[in-house]
Every structure is written in structure tokens, then in C-alpha cells.
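Any read-out appearing in this document is the output of simple, stated calculations on the displayed coordinates, not a laboratory observation. This structure is a prediction, so every number in the text was calculated from the model and none was measured. FYI the Cβ positions are ideal-geometry reconstructions off the backbone, even for glycines, and counts take in every protein chain you see.
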Amino acid sequence: MSETTITRADLAEAVYQEVGLSRNESAQLLETVLDEISSALIKDEVVKISSFGSFSVRQKGQRIGRNPKTGEEVPILPRKVLVFRPSQVLKARINA
């Protein structure tokens, strides 16, 4: 398994190469897209990207967990979690 990480700079460079905008415009475009996705998720909206997948926020309720070292029961507070569901197209490309 590869340990390579794709950064914002890598994505901005890819936009620069593919679209032909300037490097600054490409970075701005990427930031705008990421801000829009973040804003939608903060408002509990679902973000669907065709042929890629969907992002959504799910509410998890309070539950009891255990400290694995001591076995002590500890309450885990309710919280929101980010969920990503890949599309069938993305799954097929990964498994090809």
C-alpha cells in the first residue's frame, strides 16, 4: 500500500495543468470548492459528487465505552461524524 499523501498544493497544481488557469487562480478555485463543501456539511447538507461519492454528517448518540487498559466504563458523549460513501463508479475503478 502506498504511503503517498495528496496535498492542497498537489490538487491546485493538477488544476493548473488540466484547466490552464494561473497557479494562483487554480489555488483560489480549489479553496472555493473546498469552502463550499465544508459550508454545506456544516449546515448538515449532503454533498454528492457524481462518479466519486457523497459526504454527509451523521449524529451519533451517547453510549458507554470502556477504557481498554483499565476496563473502566466511560460515557462517550453524543457527537457528529463525517461519513463518506464512495460511488459504484469509484469502487469499480479502485478494484479494477
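When Lys and Arg each count +1 and Asp and Glu each count -1, what net charge do the other residues less than 11 Å away from VAL83, Cβ to Cβ, add up to? Kindly include the intermediate steps, with their values, before the conclusion.
Values: positive: ARG58, LYS60, LYS80, ARG85; negative: none.
Around VAL83, the charge tally is +4.
When the alpha-carbon atoms of the chain are used, the pair Rg, Dmax equals 18.8, 58 angstrom.
Across the chain, the mean sequence separation of Cα contacts (distance under 8 Å, 6 or more residues apart), normalised by length, yields a relative contact order of 19 percent. Charge tally around ALA9: other residues with Cβ under 12 Å, Lys/Arg +1 each, Asp/Glu -1 each, net -1. Distance between the 7 Å Cα→Cβ label points at GLN62 and ARG8: 3.6 nm.
Take every pair of alpha-carbon atoms less than 8 Å apart whose residues are at least six positions apart; their mean separation over the length of region 44-95 yields a relative contact order of 39 percent.
Rounded to the nearest 20 debye, the dipole magnitude of the chain is 680 debye, with +1 charges on Lys and Arg beta carbons, -1 on Asp and Glu beta carbons, and the Cα centre as origin.
Starting from the Kirkwood Rh over alpha-carbon pairs, what translational D in µm² s⁻¹ does region 44-95 have by Stokes-Einstein at 25 °C and 0.890 mPa s?
D, rounded to a whole number, is 181 µm²/s.
Think of the chain as having a plus end and a minus end, set by charges on the Cβ of Lys, Arg, Asp and Glu; of GLN88, GLN17, VAL74, VAL74 sits farthest toward the positive end of this dipole.
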